[in-house]
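To start, the structure under review is shown below, and the notes come after it.
The values are calculated or read from the model by the stated rules, or taken from the named source; none is laboratory data. Bear in mind that the values here come from a model prediction, so they are computed numbers and not experimental data. Don't worry about glycine lacking a Cβ; one is built from the backbone with ideal geometry, like all the others, and counts go over all protein chains shown.
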Amino acid sequence: MERMSRVDLYWLPLGAGGKSVRFNGKVFEAVAALLERRPRQDLYHSALEVVLPEGRFVIEQAPSRPDRAERGVVAEGPVGARWAGVLRLFRYEIRSWPDGVIADIDEAVESPQRLSEDPAAARRVLELVRQVPTPVWGRDELHAGEGWNSNSVISWVLARAGLDVAAARLPAAGRAPGWQAGLDVAMRRARDERRSG
């Protein structure tokens, strides 16, 4: 039986499965909420699962690890500062992982969200993940108004693939830092292509 094509979005609580990232995320959000004079919100990290007749792929940004080929790593970038990226500890990877695993998927909230069942759209997502910008994680090198992170990667791919990004609904009382940065950079790229084309 032929597999149905789909693009599914997952929202994972920031730091799911790890105390350090969760604690740091809570501190970050507490400070951001105080500065912005708003209530604190839950922070989320996003990932995609793309299914086509020829296979299933997980698209996600995560800390860099050895054995890149096993996880379908298509790009890497530095964390914190460009010079620090010479050390694996300070690099992230972008995965297009055949038969991959989304870590802590059992903690996903209001997920999966089906964004498309169009095979052409699913193929565009897989093609575009190889073109994602790789600026310094956590910095606003691309001048989008917020730091680049895993949410930026996912929103950039979705926007560039022409999917309805407005259909991606955050869980109630949730926030996805970096999401808007990905959308803004994707729109800027599309505008530049129209001008030069």
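Could you check the stretch 111-132 and list, in sequence order, the residues that are over 30 Å from ALA172 (Cβ atoms) and surrounded by fewer than 18 Cβ atoms within 10 Å (Cβ to Cβ)? Those that are over 30 Å from ALA172 (Cβ atoms) and surrounded by fewer than 18 Cβ atoms within 10 Å (Cβ to Cβ): PRO119, ALA120, ARG123, GLU127, ARG130, GLN131. Candidates in the stretch 141-171 are the residues that are without any contact (Cβ under 8 Å) to a residue 12 or more places away in the chain and in a loop (DSSP other than H, G, I, E, B); of these, the one that is farthest from SER64 (Cα to Cα) is HIS143. Considering the stretch 1-52, the residues that are of a type in the set (Lys, Arg) and at pLDDT below 90 include one that is farthest from ARG71 (Cα to Cα), namely ARG37.
Here are some residues: ASP99, ASP106. Which one is free of Cβ contacts under 8 Å to residues at least 12 places away in the same chain and under 18 Å from SER46 (Cα atoms)?
That would be ASP106, the only listed residue that is free of Cβ contacts under 8 Å to residues at least 12 places away in the same chain and under 18 Å from SER46 (Cα atoms).
Of all the residues in the stretch 112-140, those that are part of a helix (DSSP H, G or I) and closer than 16 Å to ARG95 by Cα number 10. Among the residues of the stretch 172-188, those identified as surrounded by 15 or more Cβ atoms within 10 Å (Cβ to Cβ), free of Cβ contacts under 8 Å to residues at least 60 places away in the same chain and on the phi < 0 side of the Ramachandran plot are GLN180, ALA181, GLY182, LEU183, ASP184, VAL185, ALA186.
The sole residue among ALA159, ALA122 that is farther than 13 Å from ALA181 by Cβ and either at pLDDT 95 or above or out of contact with any Phe, Trp or Tyr (no Cβ under 6 Å at 6 or more places or on another chain) (or both) is ALA122. Scanning the stretch 44-95 for residues that are of a type in the set (Ser, Thr, Tyr), assigned to a strand (DSSP E or B) and over 21 Å from ARG123 (Cβ atoms) gives TYR44, TYR92.
Of everything in the stretch 46-76 that's among the hydrophobic types (A, V, I, L, M, F, W, C) and over 21 Å from TRP148 (Cβ atoms), which residue is surrounded by the most Cβ atoms within 10 Å (Cβ to Cβ)?
VAL50
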